[in-house]
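Reviewing the structure listed below.
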Amino acid sequence: MKLSALLKGHILPPSGESVGRVDDVIVRLRGGDLPLVTGLVAKVAGRRVFLPISQVGEFAPGKVTLADPTVDLRSFERREGEVLLREDILGHRLIDVAEAELVRAWDIELTPTEEGWVVTCLDTRRPARLFGLVPTGAGHPCQDWKGFEPLIGHEASVRVRSAFGRVRRLKPAQIADLLEDASPKEGEEILDVVHSDPELEADVFEELNPDIANRLFEDKSDTEVADVIAHMRADDAADAIAELPQARRVIVLNLLPAGMRTKVMTLLSFNATSAGGIMGVDFLAVPLEATVEEALRRIRRAERLQPEALVTVHAVDDQDCLVGTVTVIGLLQSEPETALADVIDSDPVRVTADVDVVDVALLMADYNLMTVPVVDLENHVLGLITVDDILEATIPDDWRRREPPTHPEPVLTERDLAERDSAEQDLAERGLPEREVVATEQESLEPRG
């Protein structure tokens, strides 16, 4: 049954005379299970009162029949963790986890089960308006509730919902897209969920539009901002520091760990549109005297380096000067006991820190490179530019947040169609059973007030 068909419906005692109307439906969230209806909020004699589900005999479109005519007329007070479908869900936005986008719930499907009435589906289609002159909007009439993460804006239930939140399963770029589309309150809830994972939180801020990141940083203390930036890659941390208001830059910079602070200050000394301005400071240097086996062993142990920084190994002499490079593939295709000097490119493509970003991009395209080392005038490696760095620096800003591609409707086989038709026929034959739904939450049976 649709929630819209139940709201404002008459509340009928066994005698059949209306005593009030349905104002809302209360559910309890249960993690991976469907939300269970625990009661109703009814308008009776001009006040909102609570009706436990144990008192309801039958749900039907436009009416609710009571099994017990006694109604407690004390004013309804919401308890912690309770969710009101009309007030908290209907018309509000939720996260479609599969599509990683915010959608609005325009209606809710309630279904009777052995344990009681549960929420099964959401209707995400905007209803027709202006007497049908504005047609029904895009969306789906019945999407599985389990595919959504609710953003209901009710502080008392945030703790309950975040315990089984699925936002953390999304990729950082997807969460960043959600934040850029979210209202301030929605964004606050998303950040509260990812805040429990500092690495994920930092990755999300790396993906955010700088203006959005700064707006979100405004609500954090200097210490909290420094904690987020400290978990970023050094080049992204430098960008984040540079985007902060002038008054906060030095304060946040001084709150960073000493090692990170040194890296960030080094990167900030370069022009943002130069090779030095976009490079990362993570790279793997191996002595020229090492073997292929030793180089691979160092790759395996370099757990603190970004994976993209391990694509290329840099061979250096006893003065730490670059003498050659070799890719991981080149190492894997060589015998373990082979000397590193025998497999490196002794004249690798490299750039100095002042080279323009566009020139670096052309070099990488001309030579089909995944990485390019940045060196000083003595040929010491200062940092590394990866394909990701170049793409981020050269892709126009208006390309970054384009509309997601449309997803084709799934192709149903004859077996799928037959099973669907059989299920629909079964539901039609069963109809809405007249039965008393036993309350499964002891709290709903206790006096309220």
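The values are calculated or read from the model by the stated rules, or taken from the named source; none is laboratory data. Treat the numbers as computed from the prediction; the structure is a model and nothing was measured. So basically every Cβ, Gly included, is an ideal-geometry build from the backbone, and we count neighbours across all protein chains shown. Please note that ligands, DNA and RNA were not included when accessible areas were found on the heavy atoms of the full protein model with its side chains. Shrake-Rupley method; radii C 1.70, N 1.55, O 1.52, S 1.80 Å.
Among Gly46, Gly31, Gly20, which residue has its Cα positioned farthest towards the positive end of the charge dipole of region 1-51, with +1 placed on the Cβ of Lys and Arg, -1 on the Cβ of Asp and Glu, and the dipole taken about the Cα centre?
Gly46
Which FRET efficiency, nearest 0.05, do Glu337 and Leu362 yield, Cβ-Cβ r, R0 45 Å?
Once rounded, the FRET efficiency stands at 0.70.
Per residue, how many Å² of accessible area does region 1-55 show with a 1.4 Å probe?
I get 38 Å² per residue for region 1-55.
Label-point separation (nm) for Asn214 and Glu392, each offset 7 Å from Cα along Cα-to-Cβ?
Computed distance between label sites Asn214 and Glu392 equals 1.8 nm.
Please identify which residues in region 1-32 have an amide N closer than 14 Å to a label point set 7 Å out from the Cα of Asp68, following the Cα→Cβ vector.
14
Per residue, how much accessible area does region 277-323 have with a 1.4 Å probe, in Å²?
Accessible area per residue: 52 Å².
I need the peptides 225-233, 337-345 ranked by packing, meaning the mean over residues of other C-beta atoms within 10 angstrom, with the highest value on top.
Ranked from most to least packed, the peptides come out as 225-233, 337-345.
So how much slack lies between Ala173 and Ala98, counting 0.36 nm per residue of separation and subtracting their Cα-Cα distance, in nm?
25.6 nm
Between Glu77 and Arg30, what's the calculated FRET efficiency when r is the beta-carbon distance and R0 is 30 Å? Round to 0.05.
Approximately 0.85, to the nearest 0.05.
Compare Ser274, Ser183, Ser196 by solvent-accessible area with a 1.4 Å probe and give them largest first, with all protein chains kept in place.
So, going from the largest accessible area down, we get Ser196, Ser183, Ser274.
Please go through region 191-278 and write out the GluC sites (Glu not before Pro) that DSSP classes as loop and that have at most 15 other C-beta atoms within 10 Å.
Glu218
Could you report region 65-121's accessible area per residue, 1.4 Å probe, as an integer in Å²?
That works out to 43 Å² per residue.
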